[in-house]
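Before any comments, here is the structure.
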Amino acid sequence: FTQDEQKIKVLSTVREKETSLEKYIYLISLQDRNETLFYRLVIDEIEELMPIIYTPTVGNACQQYGQIFRRPRGLYIPCNSKGFIYNILSNWPHKDVDVIVVTDGERILGLGDLGADGMGIPIGKLTLYTVCAGIDPAKTLPITIDVGTNNDELLSDPLYIGLRNKRIRGNDYDELIDEFMQATAKKFPKALIQFEDFANQNASRLLEKYRNSYCIFNDDIQGTGSVTLAGILSALRILNQSLEDQRILFYGAGSAAFGIAETIVKKMMALGMDINDARRRISFIDSRGLVVKDRANLNEKKRLYAHDMKKETNLIGIIDSLKPSIIIGVSGKPGTFCEPLLRKLAELNERPIIFALSNPTSKSECTAYEAYSWTDGKAIFASGSPFDPVSWKNTTFYPGQGNNAYIFPGIGLGIIVSRALYVTDEMFIAAAETLADFVTESDLKKGRLYPPLTKIRDISCKIA
Ligand code: NAD
């Protein structure tokens, strides 16, 4: 059979599978059996298959990783291997590695601590490097650092694939990551390292610690910042408004939120705004309510955005006093953009910009249908996981997906071909602007904030 004929066969098999998870299992088996055909299929059918090999289905796959495990893929570094990490890396059969995606499994999408079962994420992200940017799969290396898990259900699950101990913390953890960084730089000196799905307490701390001495970035922070900025730039083209005039409210104040905020601030500064004026346009809500100056025990990041306002926990009250033009959900708490909140935003804005970015779909702050219907069709909406177009009254709305895959493969490709030594924030701003430039007037007329995924290879190339 020719490759085209083989493709017909595997595509029809995928389509016959009843559940997304079955499709995932089939595709992973195809990746193991016939990598060339797997990539041909996914590249050609990217809009249909991206949600299977990545969010939302990959979340479900990680939740059932032990159950669906067929063949191993990726490299595990268990915390009891301190002192031997270089040897473990040396076991990897390929000597020439361009990109590593590494996780410790503590915050897998919005699903929390999945321990070593989080391996589906580095595998999925690296698959996207090949699909979206043509990186040789043999030069990609998925790694899970198994530091244990605090997920009791997994610890008592006979099919859990990881170490059965609670997470190591503090010095033990830091020494392990230090050794990992040093060993990786020694073994694979050219490799770009992407940090993925580390929990809030480690994500930005490790990024700051290593970003000036190794070629690393954190996709949850910087990639998310970039893809969200691109979506906002597109939305502002619909409104014919400028970024400097927006009032932005974050629901959730973790890694993703600060990654987006800092990227927006940098873009505002590039437009000539003072850093403090830029930060004043941005507010945060966390699990204890509005982040304000009066609150005790705010971390360093939150203090930068803690404004002189009274403490408030009521969401509608917060919306009333801040009158945001843009609201961004990155809390992992589904259903929190409720009807009264969305109606209020529509009352305050001719067209509110609403981003419900929590993943997977089950964690989204609201659905696309809720966003459009509860704002009487006024919302300019994007989500983290894909939603189908929504027909409401006589209009069809096309929700955008703020998918990091628009950004990181292009960034990675650029770094690999240029052999850049470090990853800078400016790269992510340039990537956001490049991505936004791909959105056509006809996309905008349909409410689409991102270009179709079918253009992803051109986009990655331009970003690179
Ligand atoms: P995180 O754990 O670092 O942050 C979560 C934040 O939400 C914390 O600040 C927490 O205080 C806050 N929060 C929790 N419960 C809350 C509540 N009831 N009310 C208000 N705030 C509450 O996680 P993260 O890395 O920032 O990711 C958050 C979500 O964003 C995840 O679901 C993730 O999948 C999603 N995300 C999406 C994209 C994307 O779509 N491109 C990218 C990155 C992350």
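The values are calculated or read from the model by the stated rules, or taken from the named source; none is laboratory data. Just so you know, these numbers come straight off a predicted model, no measurement behind them. Cβ sites come from the backbone with ideal geometry, for glycine too, and all protein chains shown count toward neighbours. Note: areas computed on protein heavy atoms with side chains; ligands, DNA, RNA excluded. Shrake-Rupley method; radii C 1.70, N 1.55, O 1.52, S 1.80 Å.
Select from SER213, ILE177, ASN165 the residue farthest towards the positive end of the dipole of the chain; place +1 on Cβ of Lys and Arg, -1 on Cβ of Asp and Glu, and compute about the Cα centre. Highest projection toward the positive end goes to SER213.
Its relative contact order, with pairs defined as Cα atoms under 8 Å and 6+ residues apart, puts the chain at 14 percent. Residues in region 210-298 average 35 Å² of solvent-accessible surface per residue, probe 1.4 Å, ligands and nucleic acids excluded. Per-residue extension of 0.36 nm, minus the Cα-Cα distance of GLN201 and TYR369, leaves a gain of 57.1 nm for this segment.
The residue list ALA253, THR361, CYS338 was ranked by how far each Cα lies along the charge dipole of the chain toward its positive end, using unit charges on Cβ atoms, and ALA253 comes out on top. Taken one residue at a time, the phi angles of region 137-148 give Karplus couplings (6.51, -1.76, 1.60, θ = phi - 60°) of x, 5, 9, 10, 9, x, 10, 10, 8, 8, 9, x Hz. Gly and Pro are set to x. Over the Cα atoms of region 106-152, the radius of gyration divided by the Kirkwood radius equals 1.07; this is the Rg/Rh ratio.
Percent of Cα pairs in region 215-301 per distance bin of 5 Å, from zero to the largest separation: 3, 13, 22, 24, 20, 11, 5, 1.
Within the shell of other residues whose beta carbon sits under 14 angstrom from the beta carbon of GLN246, the net charge comes to +4, with Lys and Arg scored +1 and Asp and Glu -1. Size descriptors for region 46-133, from the alpha-carbon set: Rg then Dmax equal 13.9, 44 Å. In straight-distance terms, cross-link reach from LYS7 covers every one of the aspartates and glutamates whose alpha-carbon lies under 15 Å from its own, apart from those fewer than eight places away in the same chain; here that gives GLU16, GLU35, ASP44, GLU45, GLU48. For region 229-235, the Karplus equation 6.51 cos²θ - 1.76 cosθ + 1.60, evaluated at θ = phi - 60°, returns couplings of 4, 4, x, 5, 4, 5, 4 Hz by residue, with Gly and Pro reported as x.
Qualifying trypsin sites (Lys or Arg not before Pro) in region 112-176, where qualification requires a DSSP coil assignment and no more than 12 other C-beta atoms within 10 Å, comprise ARG164.
If you take every DSSP beta bridge whose two residues both sit in region 189-342, what share of them, in percent to the nearest 5, is antiparallel?
Close to 15 percent.
Packing, taken as the mean count of other beta carbons within 10 Å per residue, orders the peptides 183-193, 244-254 from highest to lowest as 244-254, 183-193.
From largest to smallest, the equivalent ellipsoid semi-axes obtained for the chain from the alpha-carbon gyration tensor read 34, 27, 22 Å.
The eigenvalues of the Cα gyration tensor, multiplied by 5 and square-rooted, give region 400-464 an equivalent ellipsoid with semi-axes of 23, 11, 9 Å from largest to smallest.
Accessible surface area normalised per residue over region 1-84 is 52 Å², counting heavy atoms of protein chains with a 1.4 Å rolling probe. Its Cα centre serving as origin, the chain has a Cβ charge dipole (Lys and Arg +1, Asp and Glu -1) of approximately 380 debye.
Over region 257-368, what is the relative contact order in whole percent, taking alpha-carbon pairs under 8 Å and six or more residues apart?
20
Backbone phi angles across region 456-462, fed through the Karplus curve with coefficients 6.51, -1.76 and 1.60 (θ = phi - 60°), yield HN-Hα couplings of 4, 5, 5, 4, 4, 5, 5 Hz in residue order; Gly and Pro are listed as x. Ratio of Rg to Rh for region 1-159: 0.98 [Cα atoms; Kirkwood radius as inverse mean 1/r over pairs]. Pairs exceeding 30 Å between alpha-carbon atoms, taken from LYS166/LYS209; LYS23/LYS302; LYS190/LYS333; LYS302/LYS344: LYS23/LYS302; LYS190/LYS333.
Annotation: aspartates and glutamates with alpha-carbon distance below 18 angstrom to LYS95 (same-chain offsets under eight excluded): ASP136. The value obtained for region 264-407, namely the Cα convex hull volume divided by the number of residues, is 129 Å³ per residue. Computed over the alpha-carbon atoms, region 345-453 gives an Rg to Rh ratio of 1.05, Rh here being the Kirkwood radius from the mean inverse distance. Along the positive direction of the dipole of the chain (beta-carbon charges: Lys, Arg +1; Asp, Glu -1; about the Cα centre), which of HIS307, LEU435, PRO189 reaches farthest? Farthest along the dipole direction, towards plus: HIS307. Element breakdown for the chain at a 1.4 angstrom probe: carbon and sulfur atoms account for 48% of the accessible area.
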